[in-house]
Amino acid sequence: MPPSPAPPPATLRADARRNREHLIATAAEVFASGRAISLDAIAKRAGVGSATLYRHFPTREDLVEEVYRDQIRPLREDAQTLLATRQPAEALHAWMRRFAQWAGERRGISEALVAMSATGRFGTGPVCDEVQQILQTLLDAGARTAELRSDVDPVDVGGLLAGALSVAGTPEHSAQLDRMLTIVVDGLRPR
């Protein structure tokens, strides 16, 4: 049985809220440094016990998502801009490339998305929720123009995107990623 999620920050006691915020800030510093570090080491560096970290963030993916919660919102604006200047299928492809670039600049996010996708958990949490909503907007635009299928679940497209990132999510594999995303978008066209 998966661990219970932490209560929403608004319902936490002041000291628990401070611990949570300090854990997020510490994790953000660690992720930005580019060094691999364990959750226990993050807890120690934040000056809290491991139990406190795991109470707030039962998995590494939970912590990674919380660190990047506010940083994904500008990608919604990118999707709107792309839809205003391109056809929906082209906008979807360009947005997925933009998302791959965004994820590549943030240590741990690609790995977290792949792990969530592998466990069937993609679509929960702040980053996945936002990705899912953006993908839904792009897919709906494509369905309205009959350029993309109308029966596609954004969770499935997010899982495909996570899979592509797991194989070709580094800058040196950008040509392969572009080819893979082209295949994904072609598969979303009506037959």
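The values are calculated or read from the model by the stated rules, or taken from the named source; none is laboratory data. Computed from a predicted model, the values in this text were never measured in an experiment. A quick note on method: Cβ atoms are made from the backbone with ideal geometry, for glycine too, and the neighbour counts reach across all protein chains shown. In case anyone asks, the SASA skips ligands and DNA or RNA and just uses the protein heavy atoms, side chains included. Shrake-Rupley method; radii C 1.70, N 1.55, O 1.52, S 1.80 Å.
Quick notes
- Projecting label points 7 angstrom from Cα along Cα→Cβ for residue 37 and residue 133 puts them 3.0 nm apart.
- Rounded accessible area of residue 179 (nearest 10 Å², 1.4 Å probe): 140 Å²
- GluC sites (Glu not before Pro) restricted to segment 37-113 and DSSP loop, no more than 16 other C-beta within 10 Å: 105
- In nm, spacing of pseudo-spin labels at residue 15 and residue 145 (7 Å Cα→C-beta vector): 5.7 nm
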